[in-house]
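The values are calculated or read from the model by the stated rules, or taken from the named source; none is laboratory data. Computed from a prediction, not measured in an experiment: that's the story for all the values here. Cβ placement follows ideal geometry from the backbone for every residue including glycine, while neighbour counts extend to all protein chains displayed.
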Ligand code: NOJ
């Protein structure tokens, strides 16, 4: 009977063969009348002095200098003198409008300011950090989160967000993996598109950091990047290109060196690739003070470097004061031309025009709207739902014959760890305008969920790390209530005492908000010593333990995997506490999948599934060491949890993929179909993944590459056929000469629930 049901539902549930579609709202730029814009800007520029043009190229943070009396502040004076085109990270309608008023009413030509902000994963309604958002594999949800962030930002005076960051991040030691969509170029491109389209329903997006910032050697932030152009084009560039194709209005260049030249002044990168090859027509801004930092990279003085940056194609100088301070002199010395400056100025004015600022300089920022939408009920509800989608269940072993999760709301539950009572950390790194006073701590979330049903006992249990000074620095959070550095022995005793009285122990450990993000490289991805000591003491009690691993990156959980029955990765968010209870207590089945490979030990980094084959390969999972092969002496091969992996509260089975034809021409396409069945006892969401491998090509190709995926929700016992269309594009790559080609030959077509667990069939391209 069950089989019959499965067959019937398979017949009726053939899935759409097209990848998840993004339902698009209208792009704010789409109504621009280009002829009218050009005429307007021609006219305006004909009236601008050189200094006013350079002023447009200048960007500074607004900070707190502006509140109250903007004209008394250095920023205000610069605006009034027409020497500032853009400010960033100013919070609130009053502040942004106060600055705008100076620009419009005090500067000679009244050119409005472009107000920007690092709205990275939400304004006040905070979504999980971007890495966590990517773990939803849900492009509609990512799009929705960007729309919500844009709505709140626009209402509060922000016209431009410095997001999305789409840097491929292979090395988890790099703290900014948190801001990325992980290690995969295909998934990263989809995320880039969804975010750009979401933001640009209301404000301008900025794709960053162009380019290769995630390739920093040894995962050390701001370090050297050095890679082949094939690798750039095949592995690192696709998400930036996807953002350009999605119509992103601006691009931020990166701090690092590309091919020996800082990206900030790399003409090949900015002009040849970005503008000419990809057709980017928008605004190019540098990263923070990076024109000035070129000097530290060893490339001369500010004046010379400003010339290089401008000639490379940069339009706006963030915080270096190089363009405003030195380009006039360079013009008089013939080092740049008026046309170079005009090009940059025009790009800035075009962005302002397209955003409608010349028509209404105050169109961003509306107190009534801000009150209505900022952290409103609807946005919080969406964030709670989406946050629950981001958690990745890594392990869920049986305890007394039944999977430990979901937990029952009964008996006594101990909630232990430094993340239990923190409000400032809950929304995660880079939460520029978070409002922690409005968010629930984990303790509060659990209290609400368990009220009248179970007893909750809480303890901090340990410090984040043993070094007090480092803890105080990273736990500075976003201000007010840093996680306290406590007496280690007393904290451990408290934790053991409450665990003894409990039926189950939930540990909230890992990273606080600012243990990942900019400038937070780690040399060790294992749980830090005090946290491990706590887990050792608790597991000695023989109680069932659920580890909630808070993280902004892949971490190394080998010991935890060996000793604990249940582990779930958690990626922050203002609604994290409620969302966690939804999942832990079973109202929602977890559906997140890893977008980074999680190593067994730190020494495996950078670890990623789509590596090039080695001449002496060893299969993932092999633990016996053999000489003269590509394995480590001291650790099993491959990740502990692979890219694409994540459990649900149900189980799924996959058929082998079936092709509509075993051969295709380079202009044709075939369909690959896989039958997926929910073999468990409750409804759950599965992410069905398609990988390909080019068996023989003119250059070495990755062992596996994600080329499509589908999120499907199936009832218990239900089956669905998922069909992917394989087109030339999915099989093409950039060859040695950087031409995008499809080379005929044999391709493995693989489908499955994650990058390791796949079934394969062969496709021949004629
Ligand atoms: C530096 C960071 O690299 C960049 O991502 C950010 O947008 C700017 N600072 C502005 O805050």
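Side notes on the structure shown:
- One residue stands out among those in the stretch 41-65 that are within 16 Å of the ligand (Cβ to nearest atom) and outside any loop (DSSP other than H, G, I, E, B): the one that is modelled with the lowest pLDDT, which is 61.
- Number of the exception - residue 38 against (1) modelled with pLDDT of 95 or more; (2) in a loop (DSSP other than H, G, I, E, B): (2)
- Against the test of being assigned to a strand (DSSP E or B) and either over 31 Å from the mean Cα position of the chain (by Cα) or within 16 Å of the ligand (Cβ to nearest atom) (or both), the options 102, 87 yield a single qualifying residue, 87.
- Among all residues of the stretch 225-239, there is at least one that is outside any strand (DSSP E or B), within 16 Å of the ligand (Cβ to nearest atom), touching a residue at least 12 places away in the same chain (Cβ under 8 Å) and surrounded by 24 or more Cβ atoms within 10 Å (Cβ to Cβ).
For (1) without any contact (Cβ under 8 Å) to a residue 12 or more places away in the chain; (2) closer than 30 Å to residue 754 by Cα, each residue gets a yes or a no:
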position	(1), (2)
402	yes, yes
412	no, no
431	no, no
452	yes, no
459	no, no
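- Checking residue 120 against (1) within 15 Å of the ligand (Cβ to nearest atom); (2) assigned to a loop (DSSP other than H, G, I, E, B); (3) over 12 Å from the mean Cα position of the chain (by Cα), the condition it does not meet: (3)
- Scanning the stretch 19-33 finds one or more residues that are at pLDDT 95 or above and either part of a helix (DSSP H, G or I) or over 26 Å from residue 288 (Cβ atoms) (or both).
- Qualifying residue in the stretch 146-167 (condition: within 13 Å of the ligand (Cβ to nearest atom), closer than 22 Å to residue 379 by Cα, out of contact with any strand residue (DSSP E or B) (no Cβ under 8 Å at 6 or more places or on another chain) and not in a helix (DSSP H, G or I)): no
- Hey, residue 196 in a loop (DSSP other than H, G, I, E, B), more than 20 Å from residue 319 (Cβ to Cβ) and within 16 Å of the ligand (Cβ to nearest atom) or not: no
- The residues in the stretch 626-645 that are at negative phi and surrounded by 13 or more Cβ atoms within 10 Å (Cβ to Cβ) can be counted, and the count is 12.
- Any hit, the stretch 681-693, residues being under 28 Å from residue 397 (Cα atoms), more than 32 Å from the chain's Cα centre (by Cα) and surrounded by fewer than 16 Cβ atoms within 10 Å (Cβ to Cβ): yes
- Here residue 208 fulfils each of the conditions (1) assigned to a helix (DSSP H, G or I); (2) within 16 Å of the ligand (Cβ to nearest atom) apart from (1).
- For residue 247, the conditions (1) touching a residue at least 60 places away in the same chain (Cβ under 8 Å); (2) within 23 Å of residue 553 (Cβ to Cβ); (3) surrounded by fewer than 24 Cβ atoms within 10 Å (Cβ to Cβ); (4) in contact with a helix residue (DSSP H, G or I) (Cβ under 9 Å, 6 or more places away or on another chain) all hold with the exception of (2).
- Filter result (touching a helix residue (DSSP H, G or I) at 6+ places or on another chain (Cβ under 6 Å) and away from the ligand (no atom under 16 Å from the Cβ)) within the stretch 168-179: 171, 173
- Output for the stretch 565-601, where each listed residue is within 17 Å of residue 404 (Cβ to Cβ), surrounded by fewer than 23 Cβ atoms within 10 Å (Cβ to Cβ) and touching a strand residue (DSSP E or B) at 6+ places or on another chain (Cβ under 6 Å): 565, 589
- Note on the stretch 242-296: residues that are part of a helix (DSSP H, G or I) and under 16 Å from residue 311 (Cα atoms) amount to 16.
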